[in-house]
Amino acid sequence: MKFRLPYLLSAVALVAFTGHTFAQESPKYDYTEAFKPFFYPQTGTETRSASGHPGHKYWQNSADYQLNVSLNDVSNELTGSADIIYTNNSPDQLSFLWLQLDQNLFSKDSRGNAVIPIAGSRNGAKGEVFDGGYKIKSVKYNGKDVKYTITDTRMQIDLPEELKANGGVAKLKIEYAFKSPKYGSDRMGVEETKNGKIFTIAQWYPRMCVYDDVMGWNTLPYLGASEFYLEYGTLSANITVPANHYVVASGELLNEKEVYTKEEISRWNSARSSEKTVMIHPESELGKGNNSGTKTWKFKIEKARDFAWASSAAFIIDAARINLPSGKKSLAISAYPVESAGEKAWGRSTEYTKASIEHYSQKWFEYPYPAATNVAGNEGGMEYPGIVFCHRNSKGDDLWGVTDHEFGHTWFPMIVGSNERVFAWMDEGFNTFINELSTEAFNKGEYYHKQDIGKMGPFVQSDNFEQVMVGPDNMKERSIGVLAYFKPGLGLGILRENILGPEKFDKAFRTYVHRWAFKHPTPWDFFHTMENVSGEELNWFWRGWFMNKWKVDQAVKAVKPVNGDYKNGAQITVENIGQLPMPTTVLVTFKDGTTETVKLPVEVWKRNTEWTFQMDSTKEISSVSLDPKSIVPDINPKNNIWPAK
C-alpha cells in the first residue's frame with residue numbers, strides 16, 4: 001500500500017532548517033546495553049534454523065481456491081461461491097478451521113468501525129452508510145452443512161472430525177454475497193467516470209487464516225490499518241460481469257477468445273513481443289460492441305496468496321512485454337479511464353510497470369507471474385499478486401512512485417510472505433528501501449532525488465513516534481507512514497551504505513528473499529539471515545533501530561596537536577553520546593585544502609563511550625567533521641564539526 005505523507009516531507013524539510021528541534025533528552029550511551037548478548041528469544045528449531053534458513057522440518061499449510069462471482073454494476077453487489085481445498089501440512093490435528101471475512105470491516109457494528117476517531121481515518125468506508133459485510137448463504141464441509149461461528153472479521157468452522165496432520169485435506173464450499181463500499185479502506189472500491197464505474201475488487205472472498213509454527217492460528221481481526229497474512233496456493237476465478245465490461249485480474253486469462261475480438265487478440269499478440277506500449281482497447285473503441293447480457297472472464301494464478309480484479313466499461317487497455325532474467329517473458333498491462341490518459345499520466349503506466357518488474361527481477365528474484373497489471377482506481381495505491389490499484393489522478397513522478405511501490409510489493413509480501421498484520425515494516429519498509437534503488441535506476445534517474453539522510457535524524461528518531469516493531473493497529477495512525485515505511489526503509493539504507501557496504505548487504509538480502517520465497521518468515525529469520533550471510537554482528541542495530549527508539553548522536557570532542565605542534569601529528573577524540581552506536585566516518589581537512597578520511601568500525605564502541613586516534617600528519621588541521629556523505633541520521637549535527645560553528 002502507498003502511504004501518502006505530505007506532512008512527512010514538509011517535516012523533514014523543516015528539520016533541515018531547525019537542526020535538533022525534534023531531538024529530545026534521552027539516556028546516554030551504555031555499551032554493555034547496546035552490545036549485550038542473548039538478543040534472540042530462542043535458538044534454532046526444527047522449523048526455523050538459527051542460520052536464518054527454514055528448518056529441516058519447516059512446514060506450512062496451503063489453500064487452493066475455485067472462485068465464482070457475479071457483479072451487479074447497478075447495486076454494486078457481488079454474489080459468489082468459494083470452493084476451497086485446504087491442506088494441513090502441520091504436525092497437528094485440527095478440530096476447527098479459521099477463515100478471514102475481511103468485508104465485515106464494513107459492517108456497521110464492526111470493530112474496525114468502532115476504532116475510527118471522530119476526526120476520520122483513511123481506514124473504513126469514509127463515512128458511507130450502507131449495508132456492508134458478508135451475507136453468508138451456506139457453508140459446507142466435504143459436501144455437508146457444517147457448524148460455523150462468525151466473530152467480526154473471522155469465521156470459525158467446527159469440523160465433524162479432526163483434520164489429519166501431515167497432509168490431511170479439507171474441502172469447503174461457501175456461498176456468499178456483499179455490497180462493495182465505494183471507498184473500501186483505500187484497498188478497493190467503486191469509482192465513477194464519464195464512461196462508467198470502475199470496480200476495483202479485493203478482499204472479496206472468504207480466505208483461510210494462516211496456521212503456522214509461531215502462533216498456531218493467526219486470527220487477529222481486520223481493523224483497517226493492518227494488512228494481510230495468507231496461505232499460498234493456486235487460485236482460479238470465473239468472473240461474470242456486464243458484457244460491455246473489460247476485466248483484468250491476478251494471473252493468466254484463460255478464455256481470451258470468448259471475451260476479446262479477433263482484432264484485440266491480434267493486438268495482445270503484438271504486445272507480447274513489443275518493447276513499446278501497444279494499445280489493446282483504445283479510447284476510440286469505448287462503448288462499441290455488444291452491450292447487452294453478460295460475459296464470464298476466467299483467470300488462474302499459481303504460487304499466490306491472494307487474488308484481486310477490476311472491471312469496467314470505461315477501461316482503456318494497453319500492454320508491453322516484460323523481459324525476465326531467465327529468458328521467460330511476462331506482460332505489463334495498464335487499465336485506466338479516458339480521464340487518466342495522456343503521456344504525462346497513465347499513458348506511461350505500462351512503461352513504468354515494465355521497468356519496475358524488470359529491475360526487481362534482475363536484482364532480487366525473478367517475477368513469478370504471467371502478467372503485471374496496473375489499474376486506475378480510487379485507491380492511493382494497493383497491491384495484490386499480479387495486479388495493483390493506483391489512483392487514477394496520479395501522473396508523472398507520482399505515478400512512477402506509486403506504480404513502482406505497489407509492484408515492489410510483489411517481492412514483499414507476495415513472494416516473501418511475512419505477517420503484515422503484525423510486522424508491517426517487513427513489507428512496507430523493505431519495499432520502501434528497494435523503491436529507492438529502482439527509482440535511481442529508472443530512465444537514468446528521471447525521478448530520482450538523493451536523500452540527505454543526515455538531516456533526517458531529529459525527525460525520524462523523535463520520541464513522538466512508537467517503536468518500529470509495534471504493530472500497525474497498535475500505533476497512532478499518523479505514525480504508520482514513518483514506522484512501517486520510512487524509518488525501516490531508511491534503516492536498511494543505513495545498513496547497506498554505512499554498516500555492511502552494498503556488496504555484502506545485497507548478497508545477504510538476496511539470500512533472504514530466495515530462502516523465504518513463498519514461505520512465512522519472522523523478523524528473527526531476517527535478522528539471522530543478514531548476520532549469517534554477512535558475517536557481522538548486528539544485534540546492536542536491530543535492538544536500537546527496530547526494537548527500541550534509540551538515537552544516533554556522535555560528536556567530535558577534541559582535536560589536539562601532539563606536543564602542541566601539528567608537525568608531530570594530531571590526536572582526535574570522538575564520542576558516542578546517543579544510545580545507538582554506528583561505524584564512524586571522520587573527515588579531516590587541512591589548512592592547505594587537502595583532506596583525509598578515517599573510518600572507525602562500530603567495534604570501537606563495544607567498550608568505550610569516546611575514542612581517541614592519532615593522525616600521523618605534519619600539516620595543520622583546519623576542521624574535523626563526522627559523516628561527510630550525510631548518510632547517518634544524527635539527531636544533533638551541530639556537534640559533528642570541529643571547530644564548532
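The values are calculated or read from the model by the stated rules, or taken from the named source; none is laboratory data. Model, not experiment: these values are computed from the prediction. Neighbour counts are summed over all protein chains in view; Cβ atoms, including those assigned to glycine, are modelled from backbone coordinates with ideal geometry. Accessible surface areas use protein heavy atoms only, side chains included; no ligands, DNA or RNA. Shrake-Rupley method; radii C 1.70, N 1.55, O 1.52, S 1.80 Å.
Observations on the structure shown:
- Among residues of the range 318-339, those that are of a type outside the set (S, T, N, Q), in contact with an Asp or Glu (Cβ under 7 Å, 6 or more places away or on another chain) and in a loop (DSSP other than H, G, I, E, B), counted: 2
- Of all residues making up the range 557-595, the number that are out of contact with any Asp or Glu (no Cβ under 7 Å at 6 or more places or on another chain) and closer than 12 Å to SER622 by Cα: 10
- Among the residues making up the range 359-394, a single one is acidic (Asp, Glu) and surrounded by fewer than 23 Cβ atoms within 10 Å (Cβ to Cβ): GLU366.
- When the residues of the range 241-264 are filtered to those that are part of a loop (DSSP other than H, G, I, E, B) and either charged (D, E, K, R) or open to solvent by less than 80 Å² (accessible area, probe 1.4 Å) (or both), the one that is farthest from THR350 (Cα to Cα) is ALA243.
- For the range 562-576, the count of residues that are touching a Phe, Trp or Tyr at 6+ places or on another chain (Cβ under 7 Å), under 30 Å from GLU466 (Cβ atoms) and modelled with pLDDT of 95 or more is at least one.
For (1) within 19 Å of TRP550 (Cα to Cα); (2) open to solvent by less than 70 Å² (accessible area, probe 1.4 Å); (3) out of contact with any His (no Cβ under 8 Å at 6 or more places or on another chain), each residue gets a yes or a no:
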{"site": "LYS591", "(1), (2), (3)": "no, no, yes"}
{"site": "ARG607", "(1), (2), (3)": "yes, no, yes"}
{"site": "GLU620", "(1), (2), (3)": "no, no, yes"}
{"site": "SER625", "(1), (2), (3)": "no, yes, yes"}
{"site": "ALA644", "(1), (2), (3)": "no, no, yes"}
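- Matching option when the condition is among the β-branched types (Val, Ile, Thr), more than 24 Å from GLU231 (Cα to Cα) and in a strand (DSSP E or B), among ILE136, ILE198, ILE157, ILE118: ILE198
- Leading residue by the ranking (most open to solvent (accessible area, probe 1.4 Å)) among those in the range 415-430 that are under 15 Å from ALA517 (Cα atoms) and of a type outside the set (D, E, K, R): ASN419
- Within the range 497-510, the residues that satisfy the criterion of being free of Cβ contacts under 8 Å to residues at least 24 places away in the same chain and either part of a helix (DSSP H, G or I) or of a type in the set (Asp, Glu) (or both) are PRO502, GLU503.
- Test set (1) without any contact (Cβ under 8 Å) to a residue 40 or more places away in the chain; (2) assigned to a helix (DSSP H, G or I); (3) out of contact with any strand residue (DSSP E or B) (no Cβ under 9 Å at 6 or more places or on another chain) - PHE433 fails condition number: (1)
- Top-ranked residue of the range 241-268 - restricted to ones that are touching a Gly at 6+ places or on another chain (Cβ under 9 Å) and not hydrophobic (A, V, I, L, M, F, W, C), ranked as nearest to ASN419 (Cα to Cα): SER250
- Single residue of the range 265-283 satisfying the filter (small (Gly, Ala, Ser) and assigned to a helix (DSSP H, G or I)) that is farthest from the chain's Cα centre (by Cα): SER266
- Taking the listed residues ALA304, ALA319, ALA345, the one that is within 25 Å of the chain's Cα centre (by Cα) and within 23 Å of TYR260 (Cα to Cα) is ALA319, with no other qualifying.
Condition check ((1) open to solvent by 60 Å² or more (accessible area, probe 1.4 Å); (2) under 19 Å from ILE136 (Cβ atoms); (3) assigned to a strand (DSSP E or B)) across all residues:
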{"site": "ALA63", "(1), (2), (3)": "no, yes, yes"}
{"site": "ASN68", "(1), (2), (3)": "no, yes, yes"}
{"site": "VAL74", "(1), (2), (3)": "yes, no, no"}
{"site": "THR87", "(1), (2), (3)": "no, no, yes"}
{"site": "SER95", "(1), (2), (3)": "no, no, yes"}
